[in-house]
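The values are calculated or read from the model by the stated rules, or taken from the named source; none is laboratory data. Everything numeric here is computed off the predicted structure, so don't read it as measured data. Cβ placement follows ideal geometry from the backbone for every residue including glycine, while neighbour counts extend to all protein chains displayed. The area values use the complete protein model at the heavy-atom level, side chains included, leaving out ligands, DNA and RNA. Shrake-Rupley method; radii C 1.70, N 1.55, O 1.52, S 1.80 Å.
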Amino acid sequence: MKPTKDHVLKLANAACKNTLMETLEIEIVDYTEDSLVARMPVTSKVHQPDGVLHGGATAALAESVGSFASHIFLDTNEFFVRGLEITANHLKSVKSGYIYATATFIHKGRTTQLIDIRVTDEDNNLISLCKLSTITLPKKQ
């Protein structure tokens, strides 16, 4: 029996306990065969001193959702994922509400993955455009 989407999302979010994702209140909210969506509240906890969203918090959201997208689609008993490189182009500032990161695979190879991550606000305005490369490595036996 295939698990329901709600069950998979519950398990994914439970795996984020006691991590940076929990600290930043990042929540995985949806996924498809080739994408994963997470959201993060924009509060003073993730602001720069001048009251707008910190680019580092945006990059942390992007890397979290991109790495998790790679992670969710592999056999975690045999392999683990690590980020290799992330780029982030911040296009618009945000002061409050939620931002959403949608990670979509550009390349889903056996060893390396390239992921496009679009960060938007609640009105679907593009906030940041990020690209993440990850590597899948075998666990030592």
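Given 37 °C and 0.692 mPa s, how large is the Stokes-Einstein diffusion coefficient of segment 32-94 in µm²/s, with Rh as the Kirkwood radius over Cα pairs? My calculation gives 245 µm²/s for D. The angle separating the long axis of helix 55-72 from the principal Cα axis of greatest extent in the chain is about 20 degrees. Could you please state how large a percent of the accessible area of the chain is carbon and sulfur, counting protein chains only and using a 1.4 Å probe? Carbon and sulfur: 52 percent of the exposed surface of the chain. With contacts taken as Cα pairs under 8 Å at a separation of at least 6 residues, segment 1-122 carries a relative contact order of 25 percent.
Dipole magnitude for the chain: about 360 debye, using +1 per Lys or Arg Cβ and -1 per Asp or Glu Cβ, origin at the Cα centre. Backbone phi angles across segment 88-93, fed through the Karplus curve with coefficients 6.51, -1.76 and 1.60 (θ = phi - 60°), yield HN-Hα couplings of 9, 10, 8, 10, 8, 8 Hz in residue order; Gly and Pro are listed as x. For the chain, the longest principal axis of the alpha carbon atoms and the long axis of helix 5-14 meet at an angle near 80°. Evaluating 6.51 cos²θ - 1.76 cosθ + 1.60 at θ = phi - 60° for every residue in segment 108-124, the Karplus couplings come out as 10, x, 5, 10, 10, 10, 10, 10, 8, 10, 9, 9, 10, 8, 5, 9, 6 Hz, glycine and proline recorded as x. Normalising the Debye intensity of the chain to I(0), with uniform scatterers on Cα atoms only, and taking log10 at q = 0.10, 0.14 Å⁻¹ returns -0.32, -0.63. Near Y98, the amide H atoms lying under 5 Å from its own belong to V42, E122; only residues 5 or more places off or on other chains count, and H is placed 1.01 Å from N.
Solvent-accessible surface of segment 1-107, averaged per residue with a 1.4 angstrom probe and all protein chains in place: 59 square angstrom.
The number of Lys pairs in the chain with C-alpha atoms less than 23 Å apart, excluding pairs fewer than 8 positions apart on the same chain, is 12. Computed per residue of the chain from DSSP H runs no shorter than four, each worth -39500 (n - 2.57), the mean residue ellipticity at 222 nm is -7000 deg cm²/dmol.
Scoring 74-83, 108-117 by mean Cβ neighbours within 10 Å over their residues and listing the highest first yields 108-117, 74-83. Go through H47, A62, I28 and say which Cα lies farthest out towards the positive end of the charge dipole of segment 1-62; charges sit on Cβ, +1 for Lys and Arg, -1 for Asp and Glu. Highest projection toward the positive end goes to I28.
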